[in-house]
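What follows draws every value from the coordinates through simple rules; no lab data is involved. Note that the coordinates shown come from a computational prediction; the quantities given were computed from them, not determined experimentally. Positions of Cβ are generated from backbone atoms using ideal geometry, with glycine treated the same way; all protein chains shown enter the neighbour counts.
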């Protein structure tokens, strides 16, 4: 990894909360005047709190108030996907697509799509690095042809998942990649 990309990734992960779904908003437990502690004689040693004993946890708490979607926004890449290099695509996927999709899937069903386990392999499969992350992925559920009895059966058996994929996942991925008419078939293989 080149040094500039390492810093970019670190900045993206820190600002988007991609690795833990948390963004940094410092929430100090006390104000400066509350931090003044007493010395052994019971007198305050400082009124600005800097020389005081912070106790066992000297670090401020980090509280999350904003997700990746709010931080990064759902928009396409600056450079069209088809014109990006493999390395640029990888950084875009890791820095923007993954955190946003992780949040969307966790909102839908955080138990089924546990955000702590949602990673590149969730969509691309374990063989993703070996096959250049090509899609559709053979590790995903094979979909029947649309408007067939098998498709209708899938909609009947998995109505919430089909609705989520149709109304949220495919339009969001299409926007993130700047691809018009993004369909289920872009990710899922055909049965």
Per-peptide average of other Cβ atoms within 10 Å, ordering 96-103, 152-159, 165-172 highest first = 96-103, 165-172, 152-159
Please work out how much length the chain gains when fully extended from residue 183 to residue 168, using 0.36 nm per residue of separation minus the C-alpha to C-alpha distance, in nm with one decimal.
-> 4.3 nm
At 7 Å along the Cα-to-beta-carbon direction for both residue 75 and residue 120, put a label point, then send me their distance in nm to one decimal.
-> 2.6
Nearest-0.05 FRET efficiency for residue 145 and residue 83 at R0 = 35 Å, using Cβ-Cβ distance, is 0.65
For the stretch 80-186, what is the convex hull (Cα atoms) projected area averaged across all directions, in square nanometres?
-> 7.0
